[in-house]
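Asks: Right, I'll just put the structure down here and ask away after.
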Amino acid sequence: MGRSFVGEARRRVGPKRERIRPIVERLKAEHADARIALRFRTDIELLVSVMLSAQTTDVNVNRVTERLFEKYRRPEDYLGVPQEELERDIYATGFFRQKAKAIRGTMAMLLEEYDGQVPRRLEELVRLPGVARKTANVVAAELGDPQGIVVDTHVRRLSQRLGLTRHDDPVKIERDLQRLVPRADWGVFPHLLIWHGRRVCLARAPNCTDCVLLDLCPSARF
Ligand code: SF4
């Protein structure tokens, strides 16, 4: 895409501050079912699911946790078996050694410092072993108190295509989105982009002609 073409496309759609609300509203209408795809019943199950979801698909995690959560219910359960046993039980999610170690370290810290409960604050969540900012953001949002905006591969691609950020680094993209997206939508916004990215704005072949954001998107092809 040439420079003048980019400039022309940006002028056509207008400033991002004016586009963000219609973008959010249209995506909410289009993907009313957009929500986290991981299955969990408790805060502990949420945390473990998100930790397991690194480098694999949500479908794969759900397949593993269906049995896992029958066997492990409380933080003590993850510490009550040898590490190798937990590794076997989560093997199919990949990186099972690192993940087992992180989960056990996290459960130990939950018991020692948080009375066995999952903390709510981002700065507390990121202290848990193996819990990075993205994991913490997902957990905080699902617990009803989003304190940041989750940036995964879909969120990054769509934010760039929609001209909401010029950055490539997830931390900088998140900062741009936090300035732009209304606070009340921080939790749902990533789900909207993820579902739109899976259904319409695919990585290799975006289906612009069927996209509800066609007139709001500087990358639209028609
Ligand atoms: S118009 Fe095309 S590039 Fe823009 S969000 Fe829609 S599908 Fe993606």
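Asks: Determine the principal axes of the Cα atoms in the stretch 153-209, then give the extent along each, sorted from largest to smallest and rounded to whole angstroms.
Replies: So the three principal-axis extents are 29, 23, 17 Å.
Asks: Relative contact order of the stretch 87-206, please, whole-number percent, based on alpha carbon pairs below 8 angstrom and at least 6 residues apart. If you can, show how the numbers build up before the last one.
Replies: Details: 109 pairs, mean separation 21.2, N = 120.
About 18 percent, as a whole number.
Asks: Net charge near TRP186, counting Lys/Arg +1 and Asp/Glu -1 over other residues with Cβ under 11 Å of its Cβ?
Replies: Result for the neighbourhood of TRP186: -2.
Asks: Calculate how large, on average over all directions, the projected area of the Cα convex hull of the chain is; give the answer in nm² to one decimal. Before the final figure, lay out the partial values.
Replies: Values: hull surface 50.1 nm².
So the mean shadow area of the Cα hull is 12.5 nm².
Asks: Continuing with the same structure: Counting only protein heavy atoms, what percent of the accessible surface of the stretch 20-104 is carbon or sulfur at a 1.4 Å probe?
Replies: On the way: 2300 of 4730 Å².
Ligands and nucleic acids excluded, carbon and sulfur give 49 percent.
Asks: With the convex hull built on the Cα atoms of the stretch 58-155, state its orientation-averaged projected area in nm². Please list the in-between numbers first.
Replies: Numbers: hull surface 25.8 nm².
Over every viewing direction, the Cα hull of the stretch 58-155 projects on average to 6.5 nm².
Asks: Just the accessible area per residue of the chain, please: how many Å² with a 1.4 Å probe?
Replies: Value for the chain: 54 Å² per residue.
Asks: Rounded to a whole number, what is D in µm²/s for the stretch 1-74 from Stokes-Einstein with the Kirkwood radius over alpha-carbon pairs (10 °C, 1.306 mPa s)? Display every interim value, and only then the final one.
Replies: Details: Rh = 15.8 Å.
The estimated diffusion coefficient comes to 100 µm²/s.
Asks: Below 13 angstrom from the Cβ of LEU143, what's the summed charge of the other residues (Lys, Arg +1; Asp, Glu -1)? List each step's numbers first, then the result.
Replies: Numbers: positive: ARG120, ARG121; negative: ASP43, GLU45, GLU124, GLU142, ASP145.
For residues surrounding LEU143, the net value is -3.
Asks: Grab the other residues whose beta carbon is less than 15 angstrom from that of LYS101, score K and R as +1, D and E as -1, and report the net. If you can, show how the numbers build up before the last one.
Replies: Values: positive: ARG88, ARG97, LYS99, ARG104; negative: GLU84, GLU85, GLU87, ASP89.
Around LYS101, the surrounding residues sum to 0.
The values are calculated or read from the model by the stated rules, or taken from the named source; none is laboratory data. Keep in mind that this is a model prediction, so the values were computed, not measured. Using ideal geometry, Cβ is built from the backbone for each residue, glycine included, and neighbour counts are taken over all protein chains shown. Side chains are part of the model used for accessible areas, which takes the heavy atoms of the whole protein and leaves out ligands, DNA and RNA. Shrake-Rupley method; radii C 1.70, N 1.55, O 1.52, S 1.80 Å.
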